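Undergrad: Input: one structure, supplied below.
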Amino acid sequence: MTSIIKETQSIKEAVNFINTVDVNKFSRLLSRIIQKLHVKGERTFSEEEEEKLQAALTLDKHALDLVLETTAFILEQAVYHSIKPASLQQQLEEIHLNSDKAEVFSQAWASAGPELVEKLKRNIFAPKKLDYVSWQLNLQMAQSSQARMKCPSAVLQLGVRNEDSEVQENIFVEFNHQQLLEFYDKLEIVQGQLDSLT
Amino acid sequence: MSSSNVKDSSFLGGRIPPEIESMSKNLKDVDQELFRKLLKVVVSALEGKDCREVMKSVAESSVIPQERLSHIIAGMHRVLSEAIRIPASLLKQEAFKEDLRELRIPEDFITDFSSVVFGNRRATLEAASSQNDPHLPTLEEFKWRVDVSISTSSLARALQPSVLMQLKLSDGSFQRFEVPVSKFQELRYNVALILKEMNDLEKRSILKIQD
C-alpha cells in the first residue's frame with residue numbers, strides 16, 4: 001500500500017530524536033498519546049508534565065514538541081487509513097525508525113487501535129449528543145383547573161452532552177398517552193430507515 | 001326507598017364561596033338580557049380573551065351600579081370555573097341545577113349557566129383554563145434525519161449511521177442533537193416500556209380509585 005507517511009525534513013528530524021529515546025519510556029509515552037488522541041482541543045500533557053518529559057527523555061523543548069506531534073501524526077494517519085499493524089511497522093522502518101521503536105508502535109496500534117477507530121467513528125459533527133435516557137410515569141390526579149383527573153402522564157428525561165464537555169444538559173418533555181403513542185410511531189419510522197441501511 | 005337520604009354536598013364543596021353568595025344576593029332586578037350579556041363576557045374571559053372594552057360598554061349601558069355588577073361578575077366567574085373543573089361525567093346537569101337552586105338563583109339564570117357548562121363551548125373552556133396550570137414542556141414538533149457518514153477528517157471510511165433529532169417544545173425552545181444508534185434503541189425501548197406501563201395503569205386505576 002502507498003506509504004502513509006512521507007519522509008519530509010521534519011519527519012526525518014523527528015525520527016532521529018525518537019531513535020534516541022529509551023524504548024520502554026517511549027512505549028509508555030505512546031500509550032498515553034493513543035488514549036487521548038480522539039479528544040480534540042485538549043493537550044495530551046500539561047505544561048508541568050512536558051517539562052518532566054524533557055528531563056526524562058533528555059530532549060529540549062523543541063525536540064520534545066516535535067516528537068509528540070510526529071507520534072500523534074503517525075497515529076492519526078494510521079487511523080485514517082485503517083492500516084494493519086504489520087504494514088505500519090514496515091512503513092516506519094522505511095522512514096528509518098529503529099526496528100525496536102517500530103515494533104513498539106505496531107504493538108500499541110494493534111492493541112489500542114481498534115478502540116480508537118470506534119471512538120472516532122462515533123465523533124460525528126453535531127452540537128450535542130444524546131447520552132442518557134430516563135423517565136417517570138405519573139398518574140395525574142388533579143390540577144388547578146381540573147379535579148379528579150386520573151390521567152397518566154409520562155416525563156421523559158433526555159440527557160444531552162456537548163462533544164468536549166462533561167456537563168450534561170437535561171431536556172424534560174411531558175407526554176400524555178396519545179402524545180406518547182404518536183412519538184413512538186415516529187420512532188418506529190426512524191427504525192425502519194435504520195433497518196433499511198443494513 | 002332511595003339509597004341515600006342526605007344529598008351529596010354541592011359541587012361547590014362544603015362551604016359556598018363568598019363571591020357566589022354575594023352574587024345571588026345581587027341578582028335581584030337583573031333582567032335576563034343583562035344577565036346574558038354579563039355571562040357572555042365572563043365566558044370570553046375564561047376563554048382567555050381580553051374583555052375589558054366589552055365589559056366597560058356593558059357596565060356603562062346598564063342602570064345597575066358598578067359595584068353590584070362586579071359582585072355578579074365575580075360570582076359568575078366562580079360558578080363556571082368550579083363547574084368546569086369537575087369532569088362532565090361526574091357532575092350531572094340535574095345535580096348542578098339543584099345546587100344552584102339551593103343558592104336561590106332564579107331558574108332562567110340556572111338554565112343559562114347550565115347551557116354553558118354542558119354545552120358545546122365547554123371543551124374550549126377546559127382547554128383554556130388548563131393552559132395556566134404548571135406543566136413541563138410537551139413535544140410540539142419532532143423532526144429527524146438518518147445520516148450515514150462515509151468519511152470524516154479522522155477516518156477515510158467511517159460508514160457509521162446516526163440519527164439527528166430536532167425537537168420543538170411547547171415552551172418555544174428548539175433542541176437539536178445527535179443520537180447514536182445504540183442510544184436510539186435505548187430510547188425506543190424505553191418509550192415502548194412506558195406505553196406498556198400506561199396501558200397497565202389505565203386498566204387498573206379505573207377499578208381501584210373510587211370517585
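Quick note: the coordinates plus some simple rules give every number you see, no bench work behind them. No experiment lies behind these values; they were computed from the predicted model shown. Glycine gets a Cβ as well: all are built from the backbone with ideal geometry, and neighbour counts include every protein chain shown.
Undergrad: How far, in degrees from 0 to 90, does helix A:47-57 lean away from the longest principal axis of the Cα atoms of chain A, to the nearest 10?
TA: With rounding to tens, the tilt is 30 degrees.
Undergrad: What are the ³J(HN,Hα) couplings of region B:145-153, residue after residue, when phi is run through the Karplus curve with 6.51, -1.76, 1.60 and θ = phi - 60°? Round to Hz, x for glycine and proline.
TA: Each residue's phi maps through the Karplus curve to give 8, 10, 10, 10, 8, 8, 8, 10, 5 Hz.
Undergrad: Give me the net charge for the shell around B:CYS51: Cβ to Cβ below 13 angstrom, other residues only, Lys and Arg +1, Asp and Glu -1. Kindly include the intermediate steps, with their values, before the conclusion.
TA: Values: positive: B:LYS37, B:LYS40, B:LYS49, B:ARG52, B:LYS56; negative: B:GLU47, B:ASP50, B:GLU53.
It works out to a net charge of +2.
Undergrad: In percent, how large is the relative contact order of chain A, given Cα pairs closer than 8 Å and 6 or more residues apart?
TA: Dividing the mean separation by the residue count of chain A yields 17 percent.
Undergrad: What's the long-distance tail for region A:128-197, i.e. % of Cα pairs beyond 18 Å? All intermediate terms of the calculation are to be shown ahead of the outcome.
TA: Working: 1383 of 2415 pairs.
Summing the P(r) tail past 18 Å for region A:128-197 gives 57 percent.
Undergrad: Could you tell me the number of lysine pairs in region A:9-125 with C-alpha atoms less than 18 Å from each other, where the two lysines are 8 or more residues apart or belong to different chains?
TA: 14
Undergrad: So how tilted is helix A:9-20 from the main axis of chain A? Cα-based, degrees 0 to 90, rounded to 10.
TA: The answer is roughly 80 degrees.
Undergrad: To the nearest whole number, what is the average tally of beta carbon atoms from other chains within 10 Å of the beta carbons of peptide B:109-122? Spell out each step's value before the answer.
TA: On the way: counts 0, 0, 0, 0, 0, 0, 0, 0, 0, 0, 0, 0, 0, 0.
Counting Cβ atoms of other protein chains within 10 Å of each residue's Cβ and averaging gives 0.
Undergrad: Counting Lys and Arg as +1 and Asp and Glu as -1, what is the net charge of the other residues whose Cβ lies under 14 Å from the Cβ of A:GLU51? Provide the component values of the computation, followed by the final result.
TA: Details: positive: A:ARG43, A:LYS52, A:LYS61; negative: A:GLU47, A:GLU48, A:GLU49, A:GLU50, A:ASP60, A:ASP65.
Charge balance near A:GLU51 sits at -3.
Undergrad: Still on this structure, I have one more. Which residues' amide hydrogens lie under 5 Å from the amide hydrogen of A:ASP131, considering only partners 5 or more residues apart or on another chain, with H built in the peptide plane?
TA: A:GLY159, A:VAL160, A:ARG161
Undergrad: Right, next: What value does region B:18-132 have for Rg/Rh, both radii from Cα atoms and Rh as Kirkwood defines it? Please list the in-between numbers first.
TA: On the way: Rg = 13.6 Å, Rh = 14.4 Å.
Radius of gyration relative to Kirkwood radius: 0.94.
Undergrad: Continuing with the same structure: Which cross-chain or sequence-distant (5 or more) residues have an amide H under 5 Å from the amide H of A:LEU139, H modelled 1.01 Å from N in plane?
TA: Here the answer is A:SER153, since their amide H atoms fall under 5 Å of that of A:LEU139.
Undergrad: Given the options B:VAL117, A:LEU88, B:PRO137, identify the residue whose Cα lies farthest towards the positive end of the charge dipole of the protein assembly as shown (+1 on Cβ of Lys, Arg; -1 on Cβ of Asp, Glu).
TA: Most positive-ward Cα: B:VAL117.
Undergrad: So what's the Cα pair-distance distribution over the protein assembly as shown, bin width 20 Å, in %?
TA: 20, 30, 23, 15, 11, 1
Undergrad: Next question. Size of the dipole of region A:128-197 about the Cα centre, Lys and Arg at +1 and Asp and Glu at -1 on the beta carbon, nothing else charged, in debye to 20?
TA: Numbers: 6 positive and 10 negative charges, 89 e Å.
So the magnitude is around 420 debye.
Undergrad: Top mean-square fluctuation among A:SER144, A:SER99, A:SER87, Gaussian network model of chain A, C-alpha springs under 10 Å?
TA: Among A:SER144, A:SER99, A:SER87, the largest GNM mean-square fluctuation belongs to A:SER144.
Undergrad: Need one word for chain B: rounded, prolate or oblate. Basis is the Cα gyration tensor (sqrt eigenvalues a ≥ b ≥ c); a/c below 1.5 gives rounded, then a/b vs b/c decides. The partial results should precede the final answer.
TA: On the way: a/c = 4.81, a/b = 2.07, b/c = 2.32.
It comes out oblate by the Cα gyration axes.
Undergrad: With springs only between Cα atoms under 10 Å, which of A:GLU48, A:GLU69, A:GLU93 fluctuates most in a Gaussian network model of chain A?
TA: Among A:GLU48, A:GLU69, A:GLU93, the largest GNM mean-square fluctuation belongs to A:GLU48.
Undergrad: Tabulate in residue order the Karplus-calculated ³J(HN,Hα) for region A:156-168, using 6.51 cos²θ - 1.76 cosθ + 1.60 with θ = phi - 60°, rounded to whole Hz; enter x for Gly and Pro.
TA: For region A:156-168, the Karplus curve yields 9, 10, 10, x, 10, 9, 6, 3, 9, 10, 8, 7, 9 Hz.
Undergrad: Along region A:64-75, what does the Karplus equation 6.51 cos²θ - 1.76 cosθ + 1.60 (θ = phi - 60°) give for ³J(HN,Hα), rounded to whole Hz, x for Gly and Pro?
TA: Working through the residues one at a time gives 5, 4, 4, 4, 5, 5, 5, 4, 4, 4, 4, 5 Hz.
Undergrad: So, one more: Taking the Cα centre of the protein assembly as shown as origin and charging only Cβ (+1 Lys, Arg; -1 Asp, Glu), how large is the dipole, in debye to the nearest 20? Intermediate results must be reported in sequence, preceding the final value.
TA: Working: 51 positive and 60 negative charges, 201 e Å.
I would put it at about 960 debye.
Undergrad: Find how many whole Å separate the alpha carbon centroid of region A:85-152 from the alpha carbon centroid of region A:22-75.
TA: 23
Undergrad: Okay, next question. Looking only at A:VAL155, A:VAL21, A:VAL79, which one moves most when chain A is put into a Gaussian network model with springs between Cα atoms under 10 Å?
TA: A:VAL155
Undergrad: What does the structure give for B:168-181 when I average, per residue, the other chain Cβ atoms found within 10 Å of the residue Cβ? Don't jump to the answer; show the numbers that get you there.
TA: Values: counts 0, 4, 2, 0, 0, 1, 0, 8, 4, 13, 10, 8, 7, 4.
Per residue, the number of nearby Cβ atoms from other chains is 4 on average.
Undergrad: In straight Cα distance, which lysines are under 30 Å from B:LYS203, not counting same-chain residues fewer than 8 positions off?
TA: Straight-line reach from B:LYS203, under 30 Å: A:LYS150, A:LYS186, B:LYS92.
Undergrad: For peptide B:76-89, what's the mean number of Cβ atoms from other chains within 10 Å of each residue's Cβ? Intermediate results must be reported in sequence, preceding the final value.
TA: Values: counts 0, 0, 0, 0, 0, 2, 1, 0, 3, 8, 3, 5, 0, 1.
Rounded to a whole number, the mean comes out at 2.
Undergrad: Using the Cα centre of region A:1-153 as the reference point, and only Cβ charges (+1 on K/R, -1 on D/E), how large is the resulting charge dipole? Debye, rounded to the nearest 20. Let's see the in-between values first.
TA: Details: 19 positive and 20 negative charges, 252 e Å.
Taking the Cα centre of region A:1-153 as origin, the dipole is about 1220 debye.
Undergrad: If amide hydrogens are placed 1.01 Å from N in the peptide plane, which non-local residues have theirs closer than 5 Å to the one on B:ALA158?
TA: For B:ALA158, the qualifying residues are B:SER151, B:THR152.
Undergrad: Write down the Kirkwood hydrodynamic radius of chain A, to one decimal in angstroms, obtained as one divided by the mean of 1/r over all alpha carbon pairs.
TA: Details: mean 1/r = 0.0476 Å⁻¹.
Across chain A, the inverse of the average 1/r is 21.0 Å.
Undergrad: Run the reach check for B:LYS97 against lysines, Cα to Cα strictly under 20 Å, same-chain hits fewer than 8 apart removed. What comes back?
TA: B:LYS7, B:LYS25, B:LYS28, B:LYS40
Undergrad: Let me ask something else about it. Nearest 10 degrees is fine. How inclined is helix A:99-122 to the longest principal axis of chain A, computing both from alpha carbons?
TA: It is inclined by approximately 20 degrees.
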